[in-house]
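To keep things clear, I will list the structure first and then write my remarks on it.
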Amino acid sequence: MHKVEGQEQTQEKKKIPRAKTTRNVFDKKEGVKLKVTNPALQKVIGDAEMNGAWLIYGVEKHGKTQLALRIARDLAFNERVDYISAEEGMESAFKMSMRRAGITTADKIFWHEYIPFEDLIEHYRQPRSAKIIIVDNLTVYENEIKKKLLKAQIDKLSNKLIIFVAHEERGIPSSPEARHVSKWAKVIFRVKGLTSFVKSRYDGGGGTIFINEDIGEMIWGEEPVKNIAENI
(Lines give C-alpha, C1' and ligand atoms only; values in the text may rest on other atoms or scores of the structure.)
Protein backbone atom coordinates (compact mmCIF):
# COMPACT_ATOMS: atom_id res chain seq x y z
CA MET A 1 0.00 0.00 0.00
CA HIS A 2 1.42 3.33 -1.08
CA LYS A 3 1.21 6.38 1.16
CA VAL A 4 0.14 9.52 -0.64
CA GLU A 5 2.42 12.43 0.18
CA GLY A 6 0.75 14.91 2.51
CA GLN A 7 -1.82 12.42 3.79
CA GLU A 8 0.29 10.98 6.56
CA GLN A 9 -0.37 12.75 9.80
CA THR A 10 1.65 12.21 12.92
CA GLN A 11 0.20 12.87 16.31
CA GLU A 12 2.49 13.60 19.17
CA LYS A 13 1.50 11.96 22.40
CA LYS A 14 0.83 14.40 25.18
CA LYS A 15 3.11 13.75 28.08
CA ILE A 16 1.76 13.73 31.59
CA PRO A 17 3.65 16.31 33.70
CA ARG A 18 6.18 14.80 36.05
CA ALA A 19 4.71 13.99 39.45
CA LYS A 20 5.76 16.18 42.36
CA THR A 21 7.19 14.84 45.59
CA THR A 22 5.75 15.83 48.95
CA ARG A 23 8.80 18.08 49.40
CA ASN A 24 8.05 19.76 46.04
CA VAL A 25 4.50 20.48 47.20
CA PHE A 26 5.58 21.87 50.57
CA ASP A 27 8.28 24.01 48.96
CA LYS A 28 6.03 25.44 46.25
CA LYS A 29 6.00 29.22 46.43
CA GLU A 30 2.69 30.64 47.62
CA GLY A 31 0.80 33.34 45.75
CA VAL A 32 0.81 37.02 46.71
CA LYS A 33 -1.08 37.47 49.98
CA LEU A 34 -4.17 39.65 49.91
CA LYS A 35 -3.91 42.64 52.23
CA VAL A 36 -7.14 43.26 54.14
CA THR A 37 -7.77 46.18 56.50
CA ASN A 38 -11.15 45.38 58.06
CA PRO A 39 -10.76 42.77 60.87
CA ALA A 40 -14.21 41.29 60.19
CA LEU A 41 -13.42 40.69 56.53
CA GLN A 42 -10.01 39.27 57.39
CA LYS A 43 -11.58 36.83 59.84
CA VAL A 44 -14.10 35.35 57.40
CA ILE A 45 -11.85 35.05 54.34
CA GLY A 46 -8.81 33.74 56.22
CA ASP A 47 -5.25 33.91 54.92
CA ALA A 48 -6.26 34.62 51.32
CA GLU A 49 -4.12 34.95 48.22
CA MET A 50 -4.65 37.46 45.41
CA ASN A 51 -5.76 35.00 42.75
CA GLY A 52 -8.70 32.86 41.65
CA ALA A 53 -12.37 33.74 42.02
CA TRP A 54 -14.78 34.70 44.80
CA LEU A 55 -18.58 34.71 44.57
CA ILE A 56 -21.10 37.04 46.25
CA TYR A 57 -24.72 36.01 45.71
CA GLY A 58 -28.15 36.67 47.17
CA VAL A 59 -31.71 37.64 46.30
CA GLU A 60 -32.64 41.05 44.91
CA LYS A 61 -32.28 44.09 47.19
CA HIS A 62 -30.60 42.20 50.03
CA GLY A 63 -27.23 43.95 49.99
CA LYS A 64 -25.03 42.13 47.44
CA THR A 65 -23.80 45.30 45.77
CA GLN A 66 -23.44 47.04 49.13
CA LEU A 67 -21.20 44.22 50.38
CA ALA A 68 -19.22 44.20 47.12
CA LEU A 69 -18.65 47.95 47.37
CA ARG A 70 -17.47 47.68 50.98
CA ILE A 71 -15.08 44.89 50.02
CA ALA A 72 -13.81 47.03 47.12
CA ARG A 73 -13.22 49.96 49.45
CA ASP A 74 -11.34 47.81 51.96
CA LEU A 75 -9.08 46.12 49.41
CA ALA A 76 -8.40 49.46 47.70
CA PHE A 77 -6.49 50.63 50.77
CA ASN A 78 -3.63 48.42 49.59
CA GLU A 79 -4.25 47.62 45.91
CA ARG A 80 -6.01 49.16 42.94
CA VAL A 81 -9.50 47.73 42.42
CA ASP A 82 -11.51 47.85 39.17
CA TYR A 83 -15.28 47.65 39.65
CA ILE A 84 -17.38 46.69 36.62
CA SER A 85 -20.98 47.79 37.18
CA ALA A 86 -22.35 45.78 34.27
CA GLU A 87 -25.93 45.61 35.55
CA GLU A 88 -26.66 49.03 37.07
CA GLY A 89 -24.14 51.12 35.17
CA MET A 90 -23.44 54.50 36.78
CA GLU A 91 -27.04 55.47 37.46
CA SER A 92 -28.06 57.53 40.49
CA ALA A 93 -29.05 54.46 42.55
CA PHE A 94 -25.58 53.01 42.11
CA LYS A 95 -23.91 56.28 43.06
CA MET A 96 -26.07 56.38 46.17
CA SER A 97 -24.88 52.86 47.04
CA MET A 98 -21.28 54.02 46.60
CA ARG A 99 -21.83 56.84 49.08
CA ARG A 100 -23.53 54.51 51.59
CA ALA A 101 -20.46 52.27 51.38
CA GLY A 102 -18.30 55.22 52.38
CA ILE A 103 -16.52 55.47 49.04
CA THR A 104 -14.89 58.81 48.28
CA THR A 105 -12.72 60.26 45.52
CA ALA A 106 -9.67 59.34 47.61
CA ASP A 107 -10.28 55.59 47.22
CA LYS A 108 -8.14 53.74 44.69
CA ILE A 109 -11.12 52.28 42.83
CA PHE A 110 -11.71 52.65 39.09
CA TRP A 111 -15.12 52.19 37.54
CA HIS A 112 -16.42 50.62 34.34
CA GLU A 113 -19.86 50.01 32.97
CA TYR A 114 -20.58 46.86 30.95
CA ILE A 115 -17.59 45.35 29.11
CA PRO A 116 -18.04 42.29 26.81
CA PHE A 117 -16.68 39.25 28.64
CA GLU A 118 -14.05 38.31 26.05
CA ASP A 119 -12.75 41.90 26.10
CA LEU A 120 -12.76 41.85 29.88
CA ILE A 121 -10.55 38.75 30.01
CA GLU A 122 -8.14 40.08 27.38
CA HIS A 123 -7.86 43.47 29.08
CA TYR A 124 -7.04 42.05 32.50
CA ARG A 125 -4.44 39.70 31.09
CA GLN A 126 -2.29 42.78 30.58
CA PRO A 127 0.45 43.02 33.24
CA ARG A 128 -0.30 46.64 34.17
CA SER A 129 -4.05 46.19 34.57
CA ALA A 130 -5.72 46.05 37.99
CA LYS A 131 -5.08 42.94 40.06
CA ILE A 132 -8.49 42.94 41.75
CA ILE A 133 -11.61 42.98 39.57
CA ILE A 134 -15.23 42.97 40.76
CA VAL A 135 -17.88 42.01 38.19
CA ASP A 136 -21.41 43.08 39.17
CA ASN A 137 -23.45 41.20 37.95
CA LEU A 138 -22.58 37.84 36.40
CA THR A 139 -26.18 37.44 35.20
CA VAL A 140 -25.55 40.10 32.54
CA TYR A 141 -23.05 37.76 30.87
CA GLU A 142 -25.31 34.68 30.63
CA ASN A 143 -25.39 34.76 26.82
CA GLU A 144 -21.66 35.43 26.45
CA ILE A 145 -20.05 32.82 28.68
CA LYS A 146 -19.54 29.19 27.78
CA LYS A 147 -19.84 27.52 31.16
CA LYS A 148 -17.34 24.75 30.40
CA LEU A 149 -14.70 27.29 29.37
CA LEU A 150 -15.25 29.75 32.21
CA LYS A 151 -12.66 28.37 34.62
CA ALA A 152 -10.06 28.17 31.85
CA GLN A 153 -10.74 31.83 31.07
CA ILE A 154 -10.35 32.82 34.71
CA ASP A 155 -7.15 30.77 34.94
CA LYS A 156 -5.71 33.08 32.27
CA LEU A 157 -5.78 35.75 34.99
CA SER A 158 -3.42 33.70 37.13
CA ASN A 159 -2.14 36.60 39.22
CA LYS A 160 -5.48 38.40 39.57
CA LEU A 161 -8.44 38.12 41.94
CA ILE A 162 -11.85 38.32 40.27
CA ILE A 163 -14.96 38.71 42.44
CA PHE A 164 -18.30 37.88 40.83
CA VAL A 165 -21.66 39.13 42.07
CA ALA A 166 -24.72 37.02 41.18
CA HIS A 167 -28.43 36.69 41.88
CA GLU A 168 -30.01 33.91 43.93
CA GLU A 169 -33.05 31.78 43.26
CA ARG A 170 -34.40 29.12 45.64
CA GLY A 171 -31.36 29.32 47.86
CA ILE A 172 -28.70 28.87 45.18
CA PRO A 173 -27.04 31.10 42.54
CA SER A 174 -29.64 31.70 39.84
CA SER A 175 -27.61 31.28 36.65
CA PRO A 176 -25.73 28.16 35.46
CA GLU A 177 -22.56 30.26 35.21
CA ALA A 178 -22.80 31.42 38.83
CA ARG A 179 -23.51 27.87 40.02
CA HIS A 180 -20.45 26.73 38.09
CA VAL A 181 -18.31 29.42 39.77
CA SER A 182 -19.62 28.34 43.18
CA LYS A 183 -18.03 24.91 42.69
CA TRP A 184 -14.48 26.26 42.54
CA ALA A 185 -14.64 29.76 44.05
CA LYS A 186 -12.17 30.18 46.91
CA VAL A 187 -14.50 32.38 48.98
CA ILE A 188 -18.31 32.46 48.78
CA PHE A 189 -20.54 35.09 50.40
CA ARG A 190 -24.27 34.38 50.59
CA VAL A 191 -26.04 37.65 51.39
CA LYS A 192 -29.41 37.84 53.12
CA GLY A 193 -30.55 41.17 54.50
CA LEU A 194 -27.56 42.82 56.12
CA THR A 195 -26.02 39.44 56.89
CA SER A 196 -23.45 37.54 54.84
CA PHE A 197 -22.71 33.86 55.46
CA VAL A 198 -19.18 33.12 54.32
CA LYS A 199 -17.43 29.91 53.29
CA SER A 200 -13.70 30.00 52.58
CA ARG A 201 -11.13 27.50 51.39
CA TYR A 202 -8.42 29.45 53.19
CA ASP A 203 -7.08 28.53 56.61
CA GLY A 204 -9.00 30.24 59.39
CA GLY A 205 -11.79 31.51 57.13
CA GLY A 206 -15.55 31.16 57.29
CA GLY A 207 -18.24 32.65 59.49
CA THR A 208 -20.79 35.45 59.45
CA ILE A 209 -20.43 39.18 58.92
CA PHE A 210 -22.96 41.95 59.21
CA ILE A 211 -23.14 45.30 57.48
CA ASN A 212 -23.81 47.98 60.07
CA GLU A 213 -25.13 50.89 58.04
CA ASP A 214 -25.09 53.19 61.09
CA ILE A 215 -21.29 53.16 61.17
CA GLY A 216 -20.68 52.00 57.59
CA GLU A 217 -18.68 48.96 58.63
CA MET A 218 -18.57 45.18 58.32
CA ILE A 219 -18.76 43.42 61.68
CA TRP A 220 -18.00 39.80 62.52
CA GLY A 221 -20.08 37.75 64.93
CA GLU A 222 -23.13 35.65 65.59
CA GLU A 223 -25.46 38.21 67.18
CA PRO A 224 -28.18 40.13 65.32
CA VAL A 225 -26.77 43.30 63.84
CA LYS A 226 -28.89 45.57 66.07
CA ASN A 227 -27.40 43.97 69.19
CA ILE A 228 -23.86 44.33 67.86
CA ALA A 229 -24.46 47.98 67.10
CA GLU A 230 -25.55 48.54 70.69
CA ASN A 231 -22.27 47.07 71.96
CA ILE A 232 -19.96 49.37 69.94
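Backbone amide hydrogens, once placed in the peptide plane, bring GLU168 within less than 5 Å of GLY58, VAL59, GLU60, SER174, excluding anything fewer than 5 places away on its chain. Legend: residues TRP54, TRP111, sorted from most to least accessible area (1.4 Å probe; ligands, DNA and RNA excluded), read TRP111, TRP54. Surface calculation, 1.4 Å probe, protein heavy atoms: GLU87 sits at approximately 80 Å² accessible. The phi torsions of the range 183-192, fed into the Karplus equation with coefficients 6.51, -1.76 and 1.60 and a -60° offset, translate into couplings of 6, 10, 5, 7, 9, 10, 10, 9, 9, 9 Hz, rounded to whole numbers, with Gly and Pro shown as x. Other residues with beta-carbon under 9 Å from the beta-carbon of ASN137 carry, at +1 per Lys or Arg and -1 per Asp or Glu, a net charge of -2.
Close amide-amide hydrogen proximity is noted between ASN51 and no other residue 5 or more places distant or on a separate chain, at a cut-off under 5 Å (H modeled in the peptide plane; Pro and chain starts excluded). Note on GLU91: accessible area is roughly 120 Å² with a 1.4 Å probe, heavy atoms of protein only. Among residues other than GLU30 with Cβ under 12 Å from its Cβ, the summed charge is -1 (Lys and Arg +1, Asp and Glu -1).
Could you check what % of the DSSP bridge pairs in the chain are antiparallel, to the nearest 5? Could the numbers behind the result be given before it?
Details: 17 of 43 bridges.
In the chain, approximately 40 percent of DSSP beta bridges are antiparallel ones.
Take every DSSP beta bridge whose two residues both sit in the range 84-176; close to 20 percent of them are antiparallel.
Pairs exceeding 25 Å between alpha-carbon atoms, taken from LYS61/LYS199; LYS43/LYS148; LYS35/LYS156: LYS43/LYS148. From most to least packed by mean Cβ count within 10 Å, the peptides 135-146, 57-68 give 57-68, 135-146. Axis angle, to the nearest 10 degrees, between helix 64-75 and the longest C-alpha principal axis of the chain: 80 degrees.
At 1.4 Å probe size, with the rest of the protein present, what percent of the exposed accessible area of the chain is carbon and sulfur atoms?
Numbers: 7130 of 14310 Å².
Within the chain, the accessible surface is 50 percent carbon and sulfur.
Quick one: ranking ASP82, ASP119 by accessible area, 1.4 Å probe, largest first, what do you get?
Values: ASP82 0, ASP119 90 Å².
Ranking ASP82, ASP119 by accessible area, largest first, yields ASP119, ASP82.
Values of log10 I(q)/I(0) for the chain across q = 0.07, 0.09, 0.11, 0.16 Å⁻¹ run -0.27, -0.42, -0.59, -1.16, by the Debye formula with one identical scatterer at each alpha carbon and no solvent. A simple count of charges around TYR124, restricted to other residues whose Cβ falls under 9 Å of its Cβ and scoring Lys, Arg +1 and Asp, Glu -1, yields +2. Across the range 93-99, rounded Karplus estimates of 3J(HN,Hα) from the backbone phi angles (6.51 cos²θ - 1.76 cosθ + 1.60, θ = phi - 60°) give 5, 5, 5, 5, 4, 4, 5 Hz, Gly and Pro being marked x.
For the range 104-170, how big is the tail of P(r) above 14 Å, as a whole percent of Cα pairs? Don't jump to the answer; show the numbers that get you there.
Values: 1392 of 2211 pairs.
Looking at the range 104-170, the distances longer than 14 Å represent 63 percent of pairs.
Ranking GLN42, GLY52, ASN137 by how far each Cα lies toward the positive end of the dipole of the chain (charges on Cβ) leaves GLY52 at the top. Here the Gaussian network model covers the chain, with springs between Cα atoms less than 10 Å apart; of ALA185, ALA166, ALA106, ALA106 fluctuates the most.
The values are calculated or read from the model by the stated rules, or taken from the named source; none is laboratory data. Model, not experiment: these values are computed from the prediction. Every residue, glycine among them, receives a Cβ derived from its backbone with ideal geometry; neighbour counts consider all protein chains shown. SASA here: full protein model, heavy atoms, side chains in, ligands and nucleic acids out. Shrake-Rupley method; radii C 1.70, N 1.55, O 1.52, S 1.80 Å.
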